[in-house]
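The next block holds one structure in the form of structure tokens; read it before the comments.
The values are calculated or read from the model by the stated rules, or taken from the named source; none is laboratory data. Not measured: the values here are computed from a predicted model. Quick reminder, even Gly has a Cβ in these numbers, built from the backbone with ideal geometry, and neighbours come from all protein chains shown. Just the protein is used for accessible areas: all its heavy atoms, side chains included, with ligands, DNA and RNA removed. Shrake-Rupley method; radii C 1.70, N 1.55, O 1.52, S 1.80 Å.
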Amino acid sequence: MSAIRFILGDQLTQSLSSLDGIDPAHDVVLMVEVAEEATYVRHHTQKLIFIFSAMRHFAESLRERGLTVDYVRLDDPDNAGSFTGELLRAVERHRAESVVVTEPGEWRVLEMMLDWRETLGLPVFIREDTRFLATRDEFARWAEGRKTYRMEFFYREMRRKTGWLMQGDEPEGGAWNYDQENRKGLPKDFVPLPRERFEPDEMTREVIDLVRQRFGNHFGEIDAFRWGVTRADAEVALAHFIDDCLPSFGDYQDAMKADADFLFHGLISPYLNIGLLTATEVCEAALAAYGRGLAPLNATEGFIRQILGWREYVRGIYWLKMPDYSRSNALAARRKLPEFYWTGETEMRCLHQAIDATRRNAYAHHIQRLMVTGNFALLAGIEPAAIEEWYLVVYLDAYEWVELPNVHGMVMWADGGVLASKPYAASGAYIDRMSDYCGKCHFDPKQKSGPKACPFNYLYWNFLIENRERLETNPRMAMPYRTLAKMEEKRQQQIVSEATVFLASLTYYD
Ligand code: FAD
Ligand code: DLZ
Ligand code: SF4
């Protein structure tokens, strides 16, 4: 009796459910590098290097565990180019009698898996992904009967379930959330901390050559690749974050600084999302630091909320609402994506900084994604599918289960409020307050109109004007609409005209 245990590129966890009960004498682990996954969107070159190198290192670690691994490389001349094609070949090669997989992170791949029983003519066992802190069923039960799904209430349930930062039924310190303390600006003399990066080993260098040869024309700086690719690397990255960054994580969570790409952020989402770290161990490491008095409560709670709250919540929303979720366009946004998203060439310094960092690192921190590239896309009315594809391409940690709710729901409000009660729209004043970008920008965040005015300023009001009918009745938008109502008609016309001229002046990507 031989079973194929099929492991995908974001399932690199030794305790993966599809490996449970494996029979090393008869079963074969299958891992495949396939063109279809590398090109269904044109992933950042560093994302391709990261996945292929991490897959190759993980296969080695399974062999060291005594398992038989059949690993198909991208440059294998017989490579069929797709998961289904490679499974068909492997079933024949190993005369397999069944296939065992862990459910995937994307709807697209689940649809493929559901066809495999028929295509392969074999039993296909799809097991739950047990690496998350809430099951899909648990989330669906929590969501049942609710009109709105607010992260904060889900998060409180999860705190109660895990007992993390709880004193009996009460939250540690008396509050569920310490965000008020987490909006500090960086000190003037702040010098960025050197962050743990990893020199490519021989296996990674081989993958770098492969990616350069096959995907060299994709977005991203290949030679800057310094991400870890093994479980041991990921452990080093986590320890570095907990020891050196977590204590300041809360205070400066929303800060942005020119030429400081990482600040005190974790840089752990790439490892979490492919399974080299687990959500439980990451949270337990933060709780242990808090327990030893090495990290304050505002930082620990803020960090736990990102993982136990936001990360689990967006996954819950994704599986609850797909496949229809991606099709809505509540603000009827139709503009194409400006070309500067791919080149970083724009006089808007905040956008240049965020996009350039993304090109060099396949990373930008949360506030850059939400309040700079995201805010611009929202205010400019970019078509949701176009900006969603951009986010899925450019970030090392991007998989649809986590990218889509963040972009479609949180940034673009294309779901009409399923995820966020109001759009996160902001003018230049927010970016000026939270960063040092504006000082050396071509534009001035204090000017509201004219050639030097920060485009975020007139785009913000233009967004409110364009979406008046859709948003005016939202109670959380009452304040800006009251201000708009007091604005003279002539001033409103000027805003629309400046926004129209500015948007027409951009080059758009076809
Ligand atoms: P930290 O700031 O150190 O946060 C710690 C951890 O919390 C992260 O590693 C991540 O696992 C989790 N987390 C924090 N916020 C979120 C969130 N909103 N959703 C899910 N997890 C969260 N995250 C991804 O993992 N993949 C994506 O494709 C992705 N796309 C995003 C797109 C947009 C428009 C926005 C606004 C956010 C997106 N995020 C995404 C969430 C967040 O920006 C990243 O998780 C974070 O920047 C990763 O860097 P870090 O590990 O340094 O995070
Ligand atoms: C992202 C990605 C890429 C680029 N390549 C592969 C691959 O060749 N083989 C593989 O097993 N997985 C790859 N992945 C990750 C998959 O796209 C991911 O498992 C699915 O999107 C489900 O989340
Ligand atoms: Fe960005 Fe406006 Fe500040 Fe320039 S002035 S950095 S465009 S917010």
Run the accessible area of the chain with a 1.4 Å probe and give the carbon-and-sulfur part as a rounded percent.
-> 49 percent
Leading residue at positive end of dipole, the chain (Cβ point charges), from 163, 82, 16 = 163
Report the relative contact order of the chain, percent, no decimals, based on alpha-carbon pairs under 8 angstrom and at least 6 residues apart.
-> 16 percent
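Before anything else, pin down the relative contact order of the range 177-334: Cα pairs under 8 Å, at least 6 apart, normalised by residue count, whole percent.
Averaging sequence separation for qualifying contacts and normalising by length gives 29 percent for the range 177-334.
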Among 170-178, 186-194, how do they line up from the highest to the lowest mean number of other beta-carbon atoms within 10 Å?
-> 170-178, 186-194
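Determine the gain in length on full extension of the stretch residue 497-residue 65; use 0.36 nm per residue of separation and subtract their C-alpha separation, reporting nm with one decimal.
149.0 nm is the gain from fully extending residue 497 to residue 65.
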So which lysines pass the test for residue 47, namely a Cα distance under 26 Å, with those fewer than 8 places away in the same chain ruled out?
-> 257, 336
Looking at the chain, what % of its DSSP beta bridges pair antiparallel, to the nearest 5?
-> 15 percent
For the range 352-404 versus the range 61-126, the gap between their alpha-carbon centres in whole angstrom = 31 Å
Ranked packing of 403-409, 38-44, most packed first, by mean Cβ within 10 Å | 403-409, 38-44
For the chain, what is the Kirkwood estimate of the hydrodynamic radius, computed as the reciprocal of the mean inverse distance between distinct Cα atoms, to one decimal in Å?
-> 24.3 Å
Treating the angle as unsigned and between 0 and 90°, give the value, to the nearest 10°, between the Cα long axis of helix 384-394 and the longest Cα principal axis of the chain.
-> 60 degrees
If you line up the long axis of helix 349-361 against the longest principal axis of the chain, both from Cα atoms, how many degrees apart are they, to the nearest 10?
-> 10 degrees
Using the heavy atoms of the protein chains alone and a 1.4 angstrom probe, what is the accessible area of the range 359-400 per residue in square angstrom?
-> 18 Å²
Cβ charges +1 (Lys, Arg) and -1 (Asp, Glu), total dipole of the chain, debye | 1880 debye
Note to self: with every protein chain in place and a 1.4 Å probe, the range 170-271 gives an accessible area per residue in Å² of 48 Å²
Nearby aspartates and glutamates by direct alpha-carbon distance to residue 321 (threshold 16 angstrom, same-chain neighbours under 8 apart not counted) = 106, 111, 137, 138, 144, 312, 400, 403, 415
Counting helices only, and only those DSSP H runs with n ≥ 4, report the 222 nm mean residue ellipticity of the chain as the sum of -39,500 (n - 2.57) divided by its residues, in deg cm²/dmol to the nearest 500.
-> -12500 deg cm²/dmol
In percent, how large is the relative contact order of the range 3-127, given Cα pairs closer than 8 Å and 6 or more residues apart?
-> 33 percent
Where the centroid of each part is defined by its Cα atoms, how far is the range 442-510 from the range 208-227 in Å?
-> 39 Å
Point-charge dipole on Cβ atoms (K/R +1, D/E -1) for the range 59-162, about Cα centre, debye to 20 | 800 debye
